[in-house]
Every structure is written in structure tokens, then in C-alpha cells.
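Report on one structure; see the data block that follows.
The values are calculated or read from the model by the stated rules, or taken from the named source; none is laboratory data. Keep in mind that what you see is a predicted model, and the values were worked out from it rather than measured. Cβ atoms come from the backbone with ideal geometry, glycine included; neighbour counts cover every protein chain shown. Calculation scope for accessible area: heavy atoms of the full protein, side chains included, ligands and nucleic acids excluded. Shrake-Rupley method; radii C 1.70, N 1.55, O 1.52, S 1.80 Å.
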There are 2 protein chains.
Amino acid sequence: MGLAAGAAQAAAAPLTVAQVLAEAPAGDWRSPAPGQTLVMSLPDGRQVIIELATRFAPRHTAQIAQLAHAGWYDGLAIARVNDNYVTQWGDADATRAMPEGQPRTQPAEFFLPALPVGSHWFELPDRDVFARHTGLVDGWPVARNAAAGPVWLAHCYGMVGAGRDNTADSGSVTELYAVIGHSPRQLDRNVTLVGRALQGMEHLAALPRGTAAMGFYATPAERTLLLTVRLLADLPAEQRPDLQVLRTDSPSYARWLAAKRNRHEDWFVEPGGHIDLCNALPPVRQRPAALP
Amino acid sequence: MGLAAGAAQAAAAPLTVAQVLAEAPAGDWRSPAPGQTLVMSLPDGRQVIIELATRFAPRHTAQIAQLAHAGWYDGLAIARVNDNYVTQWGDADATRAMPEGQPRTQPAEFFLPALPVGSHWFELPDRDVFARHTGLVDGWPVARNAAAGPVWLAHCYGMVGAGRDNTADSGSVTELYAVIGHSPRQLDRNVTLVGRALQGMEHLAALPRGTAAMGFYATPAERTLLLTVRLLADLPAEQRPDLQVLRTDSPSYARWLAAKRNRHEDWFVEPGGHIDLCNALPPVRQRPAALP
């Protein structure tokens with residue numbers, strides 16, 4: 001169905017989520033920057049692709065990108081899987097030396113004082129439990145209490161953060177985690193979020209849970225090896241996963257959100273009429289093959 | 001620490017979540033009814049314990065209990081694991097005959113017209129995205145828009161529901177699912193919830209994801225066998241898992257919720273000040289051994 005036909009149909013019957021995505025023009029999708037995207041390779045061909053939130057956590061993400069580019073994470077492991085909470089990986093035993101002159105931790109980047117200059121705010125129409133306003137900022141799930149005040153990333157399923165100790169300024173670039181259960185929004189503004197898994201979350205969420213305290217594995221043998229963690233830019237072009245994210249400043253995102261908020265698929269009896277921030281993260285797809 | 005000492009300390013410094021639970025008196029815990037609790041046994045000793053929501057879905061739960069007691073689910077399998085959504089089990093191929101005179105489906109039990117008589121409503125203090133009011137009703141996560149109106153169970157992590165086809169009155173007692181990701185609250189009032197997994201959710205959430213449409217396994221060989229699904233009451237007393245759930249009409253639950261809502265553990269910088277329904281499900285424990 002072409003776009004014109006789709007617009008005509010929209011007047012007749014609201015589109016479903018699948019229909020909106022099928023009709024989204026190529027320009028409504030963006031590709032994550034290869035220098036700001038991690039490719040984490042696990043055994044058996046499993047791969048997790050993580051886009052870094054460079055504007056929300058510039059210090060953490062710059063160092064994480066540098067460490068990945070240097071191959072520093074290669075051969076480390078997933079050491080903690082806490083059911084309905086997080087999967088955590090990196091240098092759990094703190095035994096790997098840092099490159100010359102690099103710290104193991106960064107100061108807190110829990111929130112920004114205001115929206116980044118030039119960013120696009122898509123305000124969600126419904127209430128939020130934790131903040132007065134929620135929205136998408138250039139693809140990222142963000143909360144704030146006032147239009148002119150601080151903004152912070154939200155702990156949604158698939159978001160990736162930097163573990164820390166009890167002091168706020170101990171954000172670890174050596175141990176990262178991803179949210180694998182119901183969104184633990186109580187962590188917002190308590191820990192630095194550094195990215196979002198665009199693909200492969202199932203490989204982090206389907207791992208056996210750890211049985212020691214906090215979901216750590218009781219023995220190192222239970223850990224899952226990180227074969228390599230590299231930047232997308234470090235991979236030969238033909239090996240790069242070619243993902244696209246729906247632009248949250250695009251008309252298609254607004255239509256997708258409307259279709260998610262009020263479900264018109266035949267199955268639904270009660271269309272919902274609301275959507276929460278963690279169900280509003282922009283969809284990701286494999287870039288379609290070019291037509292011959 | 002005794003209860004009196006705990007109360008004295010509460011005036012000085014707020015208790016943490018762990019402290020509240022440690023001090024909860026025995027009477028603030030309840031045991032799920034053995035005739036209304038499923039024990040689902042998977043290979044390798046994995047076990048999932050599901051309490052049935054008998055007052056919210058009386059028809060579905062009565063038939064599910066009857067089928068479990070008869071061993072009807074034994075040897076069926078988990079056929080669908082959809083990342084960040086649901087794990088589904090039962091008679092996926094609809095090949096197992098029902099006991100004489102029993103239907104495969106039940107009419108919709110999406111909501112009750114009002115709170116069950118004699119039930120206790122614990123109202124949560126914060127906003128909800130989907131409903132005007134949320135609370136706990138005798139341990140169950142419930143939403144409603146008016147004090148005198150309908151009430152419905154919420155799709156939180158670990159809640160168990162009855163799959164259905166496109167017609168509302170096709171609630172399946174032969175195929176059940178559990179929520180394994182961020183709470184899909186858009187399903188509320190669209191499908192009948194029948195229970196909550198009190199223990200063993202990790203065995204449903206850590207399974208490999210299915211790669212066919214909707215997360216179904218592409219081949220039957222990928223399925224996980226249900227060795228047996230029985231009622232707790234069907235097990236010899238000495239084999240019964242002895243779980244207890246914190247009573248949501250108890251003082252300890254109110255204290256636990258306050259401690260979860262504003263976190264006073266040293267780690268937290270920003271205590272949160274809010275809690276959402278799906279993070280408020282009452283804690284479950286193994287009944288402590290009696291003192292000698």
C-alpha cells in the first residue's frame with residue numbers, strides 16, 4: 001500500500017501499529033552512528049547492539065567507546081543476571097588493568113540541567129508515575145518535572161547503565177548492566193544510563209539467573225563470555241548489522257504512538273487509551289534491502 | 001532486632017525494605033490456599049508456583065484447578081517465549097482432548113463490577129499511567145477509575161493469564177501465559193488474568209526466545225516439557241513448597257511500601273518518592289523454620 005492510499009485509509013479506519021511501520025517512508029528512519037554504537041559478541045553467534053547515549057552521558061560514553069575500540073572488554077564476561085531486574089557484564093573481579101592514564105570510574109551523569117541544544121522533544125500525552133512529564137528526545141526515553149528544568153533518561157527494558165558503588169561519582173565504565181524486567185524507574189537519577197540495546201536483548205534476558213546475592217553467578221564457570229565488544233565503526237562495512245530506528249521527530253513516530261496508544265487490531269476489546277514511557281521506545285528494524 | 005526496638009528506630013531513621021521484612025511479625029504473612037495454587041514442574045527440578053486469582057476469575061480458575069487436579073496439563077509444553085512480553089504454555093497444537101463435558105474456553109472475566117465483598121483495598125499513593133486509582137486487593141495488583149466502579153487485575157511481571165482468540169469470550173484454559181518483561185498494561189481488560197507466579201518466574205523468563213511469529217518456537221523440539229502441573233493440595237504435605245506472601249492488609253505491608261517508595265539504603269542518592277503498581281506486588285518468602 002502506498003503512502004497516499006494509506007492516508008486515505010487513515011480517514012476511514014485508524015491504522016494498526018504494523019500498518020504505520022510498513023508505510024513509514026525511508027526518511028523517517030535513522031541509522032545509529034557507527035562510532036557511537038557497541039557490538040557485543042557472545043558465544044554461538046549471539047550479538048547485542050547497543051546505541052550509546054552520548055549527549056546524556058558524554059563522559060561515560062566517550063570512555064566506553066574508547067575502551068571498546070581498544071578491545072578492552074574482549075574476554076570479560078556476564079557475571080550477574082538478577083531476575084526481573086538487570087543483566088550485568090564487564091570486569092566483575094576488577095582484575096583487568098586499565099589503559100595507561102584511564103580511570104575506572106566517571107563522575108555521575110544522572111541528569112542534564114536542560115534539554116540538549118537542538119534536540120527534539122516529543123511529549124507523551126499520558127500521566128507518568130514518577131515524573132510530571134515524559135517524552136522522547138531524539139529517540140531516548142526521558143522524564144522531567146518542568147519544561148525548563150533537568151531532564152533524565154528513564155530505566156526502561158533494554159536500557160543500559162553504568163554500575164556504581166555507594167558514592168554517586170563512582171560510575172563504572174568497567175561494569176555495565178541492561179534492564180531485563182519491569183522497568184525499575186526508582187533507579188532514575190540514581191545511576192548513569194549510557195545507552196539502549198537496539199537488538200539482541202533476548203540474549204541478555206534469557207540467560208540463567210545467578211543464585212548468589214544480587215543475582216551474581218555463584219561460580220565463574222556459570223558466566224557467559226564476551227568474545228568481543230567493539231564499535232560498529234570497527235567492523236568491516238559488510239559485517240555491520242544495518243539497523244534503523246524510527247525517528248521520534250518524524251510524522252511516522254507520532255502515528256505509530258497513536259496506534260500503540262489506542263489499539264485497533266481486531267484482537268483488542270478495550271483499546272487502552274494510554275501509553276507509558278517504557279512502551280514508547282521507538283521501533284528498530286533491519287534496513288530493508290534496496291529494490292532492484 | 002525485636003519489634004519494639006524496630007519501632008523506636010523508625011522514629012530515628014526510616015527502615016529499609018530488608019529491615020521491614022525482617023521485622024514483620026508472623027501474623028502479617030499468609031499462606032496461599034493449597035487448593036488454589038498450581039505447582040508446575042519443569043525438567044531439571046525447576047518449579048513454578050502460581051497462586052490462582054479465584055475471586056477475580058472464578059470460572060477460569062475453577063476449571064484450571066480442576067484440570068490440574070486431574071493431571072490434564074501433564075506432558076504438555078512451553079511453546080512460546082516472546083522477549084519482553086510473555087511465556088506461554090499448554091496445548092499449543094489443540095490436540096489433547098478435554099475431559100468429558102468440559103469446554104476449552106471460558107467467557108471473559110476481564111474485570112469485576114466492584115470490589116469483592118469483604119476484600120481489603122490498599123490504595124497506592126501515586127499516579128498511574130492507565131487508571132485513576134491503583135492498589136492492592138488482598139495481595140492482587142488492581143486498577144480502577146472510580147471507587148464505586150469496576151476493578152481489574154493489572155498485567156504486571158509474573159502475572160499469569162488465559163490466552164484467547166479474537167473473540168472476547170474465548171479465554172483459554174488450555175493455554176496460559178506469564179508476563180516476562182516490562183508490564184504490558186495495554187492488555188488490562190483485554191484478557192483474563194488468572195494468577196500470579198509466587199516463585200520460579202526465573203524459570204519462565206530465562207528460556208530461549210522463540211524465533212517464529214509472536215515468539216512461538218519454530219520447532220516442537222525447542223519446547224520445554226511440563227512434567228506435571230498439579231495443585232499444591234495434591235502434593236504430599238512434606239513435598240509442598242511452604243511459601244508465604246506478605247498480607248497487603250497488614251501494617252508491615254504499609255511499612256514495606258513506604259520503604260520501597262522512598263529508598264533509604266545508602267546506595268540511593270534520589271529516594272524516588274513514588275512507586276508504581278507493578279513494583280508494589282507483595283513480597284514472597286519461604287516460611288522460616290520454627291525456632292527449636
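Most fluctuating residue of A:Pro43, A:Pro107, A:Pro32 in a GNM of chain A with Cα springs under 10 Å: which is it? Highest fluctuation of the listed residues: A:Pro43. Largest GNM mean-square fluctuation across A:Gly101, A:Gly139, A:Gly200, computed for chain A with C-alpha springs under 10 Å, falls on A:Gly101. Label-to-label distances for B:Asp266 across copies, nearest first, come out at 6.0 nm, using points 7 Å from Cα in the beta-carbon direction.
Remark: chain B is approximated by an ellipsoid whose semi-axes, taken from the C-alpha gyration tensor as √(5λ), come to 33, 22, 19 Å, largest first.
The Cα atoms of the range B:49-140 cover 47, 34, 24 Å along the three principal axes, with the biggest extent listed first. With N as its number of residues, the range A:123-166 has a Cα radius of gyration that, divided by 2.2 N^0.38 Å, comes to 1.25.
Put a dot 7 Å past the Cα of A:Ser31, heading toward its Cβ, do the same for B:Ala97, and the two dots end up 6.0 nm apart. Charged side chains reduced to their Cβ positions (Lys and Arg at +1, Asp and Glu at -1) give the protein assembly as shown a dipole of some 580 debye around its Cα centre.
Is the protein assembly as shown rounded, prolate or oblate when judged by the Cα gyration tensor, a ≥ b ≥ c being the square roots of its eigenvalues, rounded requiring a/c under 1.5 and prolate requiring a/b larger than b/c?
Rounded, since a/c falls under 1.5.
For the range A:95-159, report the translational diffusion coefficient in µm²/s to the nearest whole number, using Stokes-Einstein at 4 °C, 1.567 mPa s, and a Kirkwood Rh over Cα pairs. Working shown, then result.
Details: Rh = 13.8 Å.
For these conditions, the coefficient is 94 µm²/s.
What FRET efficiency comes out for B:Glu265 versus A:Ala70 if R0 is 22 angstrom and r is the Cβ-Cβ distance? Round to the nearest 0.05. Given R0 = 22 Å and the Cβ-Cβ separation, E is 0.05.
Taking the label point 7 Å along Cα→Cβ, B:Ala13 and its counterparts in the other copies are spaced 6.2 nm apart, in ascending order. What quantity of accessible surface, computed with a 1.4 Å probe and excluding non-protein components, is buried in total between chains A and B, in Å² to the nearest 100? Counting protein atoms only, the buried area is about 3800 Å².
Taking all protein chains as they are arranged and a probe of 1.4 Å, the heavy atoms of B:Phe122 leave approximately 40 Å² accessible to solvent. For the range A:184-204, a reduction of at least 40 Å² in accessible area between the chain on its own and the assembled protein chains (probe 1.4 Å) is found at A:Gln186, A:Arg189, A:Asn190, A:Glu202. This model, with +1 at the C-beta of Lys and Arg and -1 at the C-beta of Asp and Glu, gives the range B:117-269 a dipole about its Cα centre of some 320 debye.
Taking Cα pairs under 8 Å and at least six residues apart, what relative contact order does the range A:10-102 come out at, in percent?
Numbers: 59 pairs, mean separation 12.5, N = 93.
Averaging sequence separation for qualifying contacts and normalising by length gives 13 percent for the range A:10-102.
Taken along its principal axes, the alpha carbon cloud of the range A:1-155 reaches lengths of 63, 43, 33 Å, longest axis first. For B:Arg132, the label point sits 7 Å beyond Cα toward Cβ; its separations from the matching points on the remaining copies run 2.3 nm, from shortest to longest. Placing one equal scatterer on every Cα of the range A:13-81 and applying the Debye formula, the log10 ratio I(q)/I(0) at q = 0.19 Å⁻¹ is -0.89.
Gain on full extension, evaluated as 0.36 nm per residue between A:Thr167 and A:Ala233 minus their Cα-Cα distance, stands at 20.4 nm. Taking the solvent-accessible surface of protein heavy atoms with a 1.4 Å probe, what is the per residue accessible area of the protein assembly as shown in Å²? Ligands and nucleic acids excluded, the result is 40 Å² per residue. For the range A:138-154, backbone phi angles converted through the Karplus equation (6.51, -1.76, 1.60; θ = phi - 60°) give residue-by-residue couplings of 6, x, 9, x, 10, 10, 7, 9, 8, 4, 9, x, x, 10, 9, 6, 9 Hz, Gly and Pro being listed as x. Springs between alpha-carbon atoms under 10 Å, Gaussian network over chain A: tell me which of A:Ala154, A:Ala168, A:Ala57 tops the mean-square fluctuations. Highest fluctuation among the options: A:Ala168.
Helix A:251-261 and the longest principal axis of the C-alpha atoms of chain A enclose an angle of approximately 90°. Both radii come from the Cα set of the range A:160-274: Rg as radius of gyration, Rh as Kirkwood radius; their ratio Rg/Rh reads 1.04.
Which whole-number value in Å³ per residue fits the convex hull of the alpha carbons of the range B:219-267? Kindly include the intermediate steps, with their values, before the conclusion.
Values: hull volume 11.2 nm³, N = 49.
Here the figure is 229 Å³ per residue.
Converting phi to 3J(HN,Hα) with the Karplus coefficients 6.51, -1.76 and 1.60 and the offset θ = phi - 60°, the range B:216-232 yields 5, 5, 5, 9, x, 5, 7, 5, 9, 6, 8, 4, 8, 10, 10, 7, 3 Hz in sequence order, with x at every glycine or proline. Rounded to whole Å, the principal axis extents of the Cα atoms in the range B:149-206 read 31, 28, 16, largest first.
The HN-Hα couplings worked out from phi for the range A:178-187 by the Karplus form 6.51 cos²θ - 1.76 cosθ + 1.60 (θ = phi - 60°) are 10, 6, 10, x, 4, 4, x, 5, 5, 7 Hz, whole numbers, x standing for Gly and Pro. Remark on A:Gln199: its backbone amide H falls under 5 Å from those of A:Ile49, a criterion applied only to residues 5 or more positions apart or on other chains, H modelled at 1.01 Å from N. Counting Lys and Arg as +1 and Asp and Glu as -1 over every other residue whose Cβ lies under 9 Å from the Cβ of A:His120, the net charge comes to -1. In chain B, the calculated helix contribution to ellipticity at 222 nm averages -4500 deg cm²/dmol per residue, counting -39,500 (n - 2.57) for every DSSP H run with n ≥ 4. Going from the isolated chain to the complete set of protein chains, the range A:117-142 loses at least 40 Å² of heavy-atom accessible area (1.4 Å probe) at A:Arg127, A:Val129, A:Phe130.
Considering only protein heavy atoms and a 1.4 Å probe, what is the carbon-and-sulfur percentage of the accessible area of the range A:173-215?
On the way: 560 of 1000 Å².
Here carbon and sulfur together make up 56 percent of the probe-accessible area.
Here the range A:49-114 is treated with +1 on each Lys and Arg Cβ and -1 on each Asp and Glu Cβ, and its dipole about the Cα centre works out to around 160 debye. Helix B:3-12 and the longest principal axis of the C-alpha atoms of chain B enclose an angle of approximately 70°. Each of A:Thr211, A:Val194, A:Thr224 was scored by the projection of its Cα onto the charge dipole of the range A:191-292, and the greatest displacement toward the positive side belongs to A:Val194; charges sit on the C-beta of Lys, Arg, Asp and Glu.
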